[in-house]
Amino acid sequence: MRTSPLLVVALLASSSATVAAQPRAKAPAPAAGSITGTVSFKGTPPARTALDRKSDPVCARTQRLAEDVVVEGGKLRDVHVRIKIGTAGKHPAPETPAVITQTECMYTPRVVGVIAGQKLEVRNGDPTFHNVRGTLGKQILWNLAHLAGGEPLVRSDLGKAGEVVSLHCDVHPWMAAWAVVSDHPYFAVTGADGSFTLDGVPPGAYTLEAWHPTLGLQTTKVKVKKGKAAKAVFSFAAPAPKP
Ligand SMILES: [Cu+2]
């Protein structure tokens, strides 16, 4: 026997009415947690010297301080915080590249995180000429001229998880940046407030790493629970003066 179309409509209407009348089901707890915290600098930070940028009249228009160690209100900028590689699964690289912009003859940001296989796009926002030299240890990966108004340089040869590619400009020797390669997306780089948040982290016990280009590496342990924000803190200090 064929069901009449009218009956089907009536049945559908009544079933949706039943659903609407039911009390709202509690939203399921998210499967992942997060890690959040801050990176501090203990003690008096090293003085930031004014960069001598007279060699390029465009750069000389703005005064900038050295960015080797940038501390504001006791918080440390440019720290790459991540779950130790090899312990959070292997994740594919996203389609979108990480981006570093050359602006006022500085790299912004100074430290980026990438997933192995992800591209890095270097933009030139300056009305002057740069060259971008990427190195991995002592190996030069690329060395490219970057004209004012030139197209972004897009690189896909950033090395394996665990490696750090450094970027330098030979026209402006004070320019330096770093791309830290991971095998997962659970990383962040601290801004001026020293804070970081790693979202969508699968529950588990992890070693958390904090790396700064001149102050080195620190680690701590952290336990991530479903739907909760685990807290982590790091504290760096000036390296002891060399004898
Ligand atoms: Cu430059």
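The values are calculated or read from the model by the stated rules, or taken from the named source; none is laboratory data. This is a predicted model, so every value here is computed, not measured. In this analysis, Cβ positions are derived from the backbone assuming ideal geometry, glycine residues included, and neighbour counts consider all displayed protein chains.
The table for this structure:
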item: Selection from region 172-221 of residues that are without any contact (Cβ under 8 Å) to a residue 60 or more places away in the chain and within 16 Å of the ligand (Cβ to nearest atom); result: PRO173
item: Check on ASP126, part of a loop (DSSP other than H, G, I, E, B), touching a Ser or Thr at 6+ places or on another chain (Cβ under 7 Å) and at pLDDT 95 or above; result: yes
item: Residue in region 77-96 that is under 17 Å from ARG48 (Cβ atoms), more than 16 Å from the ligand (Cβ to nearest atom) and either surrounded by fewer than 20 Cβ atoms within 10 Å (Cβ to Cβ) or of a type in the set (A, V, I, L, M, F, W, C) (or both) present; result: yes
item: The lone exception for LYS226 - which of (1) surrounded by 13 or more Cβ atoms within 10 Å (Cβ to Cβ); (2) touching a Gly at 6+ places or on another chain (Cβ under 8 Å); (3) not hydroxyl-bearing (Ser, Thr, Tyr) it fails; result: (1)
item: Residue, farthest from the chain's Cα centre (by Cα), within region 99-112, restricted to residues that are of a type outside the set (Val, Ile, Thr) and either buried (at least 20 other Cβ atoms within 10 Å of the Cβ) or more than 20 Å from ASP68 (Cα to Cα) (or both); result: CYS105
item: Residues located in region 72-99, provided they are farther than 19 Å from ASP199 by Cα and part of a strand (DSSP E or B); result: GLU72, LYS75, LEU76, VAL99
item: Subset tally (residues that are within 16 Å of ALA179 (Cβ to Cβ) and in contact (Cβ under 8 Å) with a residue 24 or more places away in the chain) for region 107-142; result: 22
item: Hits in region 102-157 (condition: of a type in the set (Ser, Thr, Tyr) and within 12 Å of the ligand (Cβ to nearest atom)); result: THR103, TYR107, THR128
item: Of all residues making up region 137-167, the number that are more than 19 Å from PRO109 (Cα to Cα), surrounded by 15 or more Cβ atoms within 10 Å (Cβ to Cβ) and within 20 Å of the chain's Cα centre (by Cα); result: 2
